[in-house]
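Report on one structure; see the data block that follows.
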Amino acid sequence: MVYTHACMMKRTFLLFVVAIFSVIGVSAQDLIVKIDSSRIEAQVTEISPETVRYKRFSNLNGPTYVLPVSAIEMIRFANGEVEYFHKDSAPATPAAEPVHPAAPDQPATPDRPTVPAQPAAPEQPVQPAAPATAAPAATTPSTSTPGVIYEARKFEIGDYYDYNGIKGVVCALSDNHLHGLVISLDEVYLHWDEYRKPDLRKTGIAHNSDGEANMKAVEEYIAANGLTWDHFPAFKWCKDHGEGWYLPSIDELLLISHNYNGGNRVQFDRHTRNKFNQSLKDNGGERMDRMVYYFSSTEKDEKEALTVHMGLEPPYVIPIPKYNKFLVRAVHKF
């Protein structure tokens, strides 16, 4: 009886230790507190003078998000350390060291033009938006003026984009509205590839979420098989738009169609869709077609590729023979 009781006590102690370490493991995350008091459980990957990059703790293998430092109150790191991003936020400490004046702002570089902001303007909280891949922020052109504070322009879905030779309409955004995707002003009916029976072939261009990776896979397939871009008309048309343009993947097209309809396909949103189409029309482009399917760069098998339409009614994704002609639009990250 004594031996059994001792074993039970030992087992209980071990379970207690495991539970304690499980709690520690679960709570070992960084906490970002924004100036609007909202909180993000995260794993911070990089802090620069302008931005903080992080992954959501609930999806550490997911996309990297970017927040401007101006939107952050503080970060409590997993080890307990706290970093404050506004001097008014930090707790007062006795005999504080004198604050030295900040270094003057660096002038804007040609590939990242900026727009002056009012030095005393209150900080604005960053509103959430659909995630997208991070890329250098686009900003409004301006000349560099010493002593003036500069801020990056924030975009909305349907805004016209015209920077560094990239022209299109904003169709997807990151959390801070500084990065995202633009879609080409023009569209065209083309084949996905030129192969018909009995020459149908599976190329392995099958990334669901990464159109750039699909574009790279096409390039490698062409090189390995002695082909040319002419064998893949939809991809060639996007490539011919210039460096960085590509045929979107199926997930990217679904996100675009979701945003085109105001972020909700259950309810009709005339305002967002009209803004999107008006931006296309006002800048020499063609409105999106709600009835015809658009080719994605995602291959289903040797015969078919996946397509998406911009309407409200399902099904939203269907496979279509690659040798048929359907609509094509190119996208570019910013």
**OP:** Taking H placed 1.01 Å from N in the peptide plane, check which residues at least 5 places from LYS322 or on another chain put their amide H under 5 Å from its amide H.
**Re:** GLU304, ALA305
Original post:
Which of the lysines could a cross-linker span from LYS322 if the Cα-Cα distance has to be under 30 Å and same-chain partners fewer than 8 positions apart are dropped?
Top reply: LYS167, LYS197, LYS202, LYS216, LYS236, LYS239, LYS281, LYS300, LYS303, LYS333
**OP:** Give me the accessible area per residue for region 249-317, probe 1.4 Å, as a whole number in Å².
**Re:** 47
Original post:
Where does region 32-80 land on the Kirkwood hydrodynamic radius, alpha-carbon pairs, in angstrom?
Top reply: 11.0
**OP:** Take every Cα pair under 8 Å in region 162-230 that's 6+ residues apart, average their separations, divide by the length, and report that relative contact order as a whole percent.
**Re:** 16
**OP:** Can you tell me what the convex hull of the Cα atoms of region 245-334 projects to on average, as an area in nm²?
**Re:** 6.2
Original post:
Short version: ³J(HN,Hα) in whole Hz for each residue of region 297-305, in order, from phi by Karplus 6.51 cos²θ - 1.76 cosθ + 1.60 (θ = phi - 60°), x for Gly and Pro, what are they?
Top reply: 8, 8, 7, 8, 7, 5, 9, 10, 10
Original post:
How far is it, in nm, from the label point at VAL82 to the one at ASN324 when both lie 7 Å from their Cα along the line to the Cβ?
Top reply: 6.1
Subject >> region 169-230 - Kirkwood radius from inverse mean 1/r over Cα pairs (Å) >> reply: 14.4
Original post:
If you roll a 1.4 Å probe over region 179-218 with all protein chains in place, what percent of the accessible area is carbon or sulfur?
Top reply: 48
Original post:
Under a straight-distance cross-link criterion of Cα-Cα below 24 Å, which lysines are reachable from LYS34, leaving out those fewer than 8 residues away in the same chain?
Top reply: LYS55, LYS87, LYS154
Original post:
Computed over the Cα atoms, what is the radius of gyration of region 252-293 divided by 2.2 N^0.38 Å, N being its residue count?
Top reply: 1.13
**OP:** With N denoting the number of residues in region 192-275, provide Rg(C-alpha) divided by 2.2 N^0.38 Å, to two decimal places.
**Re:** 1.35
Subject >> Accessible-area composition of region 281-320, carbon plus sulfur, in percent [1.4 Å probe] >> reply: 50
Original post:
In the full protein assembly as shown, how much of ILE205 is accessible to a 1.4 Å probe, in Å² to the nearest 10?
Top reply: 0
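The values are calculated or read from the model by the stated rules, or taken from the named source; none is laboratory data. Given the structure is predicted, the values throughout are model-derived calculations rather than measurements. Positions of Cβ are generated from backbone atoms using ideal geometry, with glycine treated the same way; all protein chains shown enter the neighbour counts. Heavy atoms of the whole protein, side chains included, go into the accessibility calculation; ligands, DNA and RNA do not. Shrake-Rupley method; radii C 1.70, N 1.55, O 1.52, S 1.80 Å.
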